[in-house]
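Beneath this line is the structure, given in structure tokens, with notes to follow.
The values are calculated or read from the model by the stated rules, or taken from the named source; none is laboratory data. Bear in mind that the values here come from a model prediction, so they are computed numbers and not experimental data. Reconstructed Cβ throughout: ideal geometry from the backbone, glycine too, with neighbour counts over all protein chains shown.
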């Protein structure tokens, strides 16, 4: 282990939604339970589910969840670049927690990512300086060959920081062996050199039936499988984005226990376009007897006791969608009948009388649904806050992420800087329902308004339930992964002598100049080339006979970079050093603090 900072690991995936976020969180929880000071990191995240840190920085909600798994306070260092998709194939770019402009996908991938590379590597270096280990999460797949030249989140950061990489595959979808092999084989020799092995996720059945396939995979690739994680039902962790929300009335397994009272409470969430922070309803789903489902048709609101209109990155677009679908009329009928509706952030804005938007959609003045006496004007500055207050006689904490400034001109009751009119409630506060006392008081009011004999359980703690879920993730790693091998990988870095799997990446997919420079200069101060016998190869010495091949150029390059290794580059495995950094270490020479990119350095500006 390098003396200049903590160990590291990159968790990549064969696809989006393979399980990178949960495996990263699970490794963080497993390590912190061992007494390791660990932090999560994702160089670049694309998500509409975000969170506000105590310092007022906006980061991906998945990284906030992973920080909770690591039992550390989330910071902008853990997610320096956040992309929030909007309309017209563009995304808002959030750099070090603050929005810096809108860019099209083509504009972002046409060199703008390279401008952020220094900030990203500096953030990782700072986390490694102050922690024993940093577990990094990739994005999508590392084998997106059309994006490799501008990659800063997968093999780009792995190359710059010499991070060993494990690839997660979702076996529940099928084709996991082909995915593992193909992902590796589409990488350049330099990138393949960092792929240490694989993790099978969401396995159902008898693991012994899978073992022959794992052995064949090892023979083909020369790389081990670090674990086979079983399919885990009912994990209530934060989703990365809205892609997995199942429509057509599918229930998200939200009834965790029978109702405490006589009735259940049915909650329908409008699955509006560019839905953001729909994790707000997770706290409702955690209540015994509360059934939460996502809907997109007016008839699906008929039997709902509460309808939630969640946040959105496209308020005006979502408003038009509600009208086109007939959901606007259905919401108006509910309001007239005194049946509960809750609008959160963008959903709150939709329920108002008027929206003036020259910032997000540039649609000008648009008429809202008119269910609340609220006028909204979009401002260029984004509100990022962690408000604390009181509502329904209970303490409430939340967070705000919005450009819209709401002017409340009336209402029956003030409600978390918003208002209530009849059974229609609206607020900009995300996360308010995670405050247990307030959630129970709100559900009691909703039950009365809906005419339900529903009684909230008196002892449901959302924070405790979240901790249980994170512990389950830690258990998955501890019980179903080779933890000693993972420790060795995190401590010792990239194993020696991993074979090249042809054909490799096309020449056009090579690493960009900024990455080659960063890798050569050891940009984060943690590049380490293990000597022969350090770290070891996870494959057998004759793995090539099992079907793997060594690329001549890769062999020549490896020999130049690793002169202490033999022609094959392999080395025997070494036992974990009991005095290693993950078990107490000298922190070494401090590294410089991260530097946010500035306009003079070519940072993205509006």
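Some values worked out for this structure:
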read-out: Pick from the range 484-521, criterion closer than 16 Å to residue 157 by Cβ and part of a loop (DSSP other than H, G, I, E, B), ranking: modelled with the lowest pLDDT; value: 521
read-out: Tally of residues being outside any strand (DSSP E or B) and either farther than 27 Å from residue 26 by Cβ or at pLDDT below 95 (or both) across the range 63-95; value: 4
read-out: Boolean, residue 370 is in a loop (DSSP other than H, G, I, E, B) and either surrounded by 23 or more Cβ atoms within 10 Å (Cβ to Cβ) or in the same structural domain as residue 445 (by TED's automatic domain parsing) (or both); value: yes
read-out: Any chance residue 74 is surrounded by fewer than 21 Cβ atoms within 10 Å (Cβ to Cβ) and under 20 Å from residue 50 (Cβ atoms); value: no
read-out: Listing of helices (runs of 4 or more DSSP H) fully contained in the range 104-206 that carry 3 or more residues being modelled with pLDDT of 95 or more and in contact with a strand residue (DSSP E or B) (Cβ under 7 Å, 6 or more places away or on another chain); value: 113-130, 155-161, 176-185
read-out: Qualifying residue in the range 378-387 (condition: surrounded by 15 or more Cβ atoms within 10 Å (Cβ to Cβ), touching a helix residue (DSSP H, G or I) at 6+ places or on another chain (Cβ under 6 Å) and part of a strand (DSSP E or B)); value: no
read-out: Residue in the range 414-421 that is part of a strand (DSSP E or B) and surrounded by fewer than 18 Cβ atoms within 10 Å (Cβ to Cβ) present; value: yes
read-out: Scope the range 1-56; condition crowded, with 22+ Cβ neighbours inside 10 Å, over 23 Å from residue 167 (Cβ atoms) and out of contact with any helix residue (DSSP H, G or I) (no Cβ under 6 Å at 6 or more places or on another chain); matching residues; value: 48, 52, 53
read-out: Residue 101 being in a loop (DSSP other than H, G, I, E, B), over 13 Å from residue 136 (Cβ atoms) and in contact (Cβ under 8 Å) with a residue 60 or more places away in the chain; value: no
read-out: Residue, surrounded by the most Cβ atoms within 10 Å (Cβ to Cβ), within the range 350-360, restricted to residues that are over 26 Å from the mean Cα position of the chain (by Cα) and within 16 Å of residue 312 (Cβ to Cβ); value: 350
read-out: Selection status of residue 261, in contact (Cβ under 8 Å) with a residue 60 or more places away in the chain, out of contact with any strand residue (DSSP E or B) (no Cβ under 8 Å at 6 or more places or on another chain) and surrounded by fewer than 20 Cβ atoms within 10 Å (Cβ to Cβ); value: yes
read-out: Residue, farthest from residue 493 (Cα to Cα), within the range 191-210, restricted to residues that are surrounded by fewer than 21 Cβ atoms within 10 Å (Cβ to Cβ) and touching a helix residue (DSSP H, G or I) at 6+ places or on another chain (Cβ under 9 Å); value: 204
read-out: Selection count, the range 184-206, where residues are over 22 Å from the mean Cα position of the chain (by Cα) and over 15 Å from residue 496 (Cβ atoms); value: 9
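One line per residue, one yes/no per condition, for (1) more than 25 Å from the chain's Cα centre (by Cα); (2) surrounded by fewer than 18 Cβ atoms within 10 Å (Cβ to Cβ):
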position	(1), (2)
410	yes, yes
424	yes, no
466	no, no
470	no, no
484	yes, yes
494	no, no
503	yes, yes
509	yes, no
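Every residue, every condition in (1) surrounded by fewer than 24 Cβ atoms within 10 Å (Cβ to Cβ); (2) under 23 Å from residue 276 (Cβ atoms); (3) in contact with a helix residue (DSSP H, G or I) (Cβ under 9 Å, 6 or more places away or on another chain), yes or no:
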residue: 60; (1), (2), (3): no, yes, yes
residue: 70; (1), (2), (3): no, no, yes
residue: 79; (1), (2), (3): no, yes, yes
residue: 89; (1), (2), (3): yes, yes, yes
residue: 101; (1), (2), (3): yes, yes, no
residue: 129; (1), (2), (3): yes, no, no
residue: 137; (1), (2), (3): no, yes, yes
residue: 145; (1), (2), (3): yes, no, yes
residue: 148; (1), (2), (3): no, no, yes
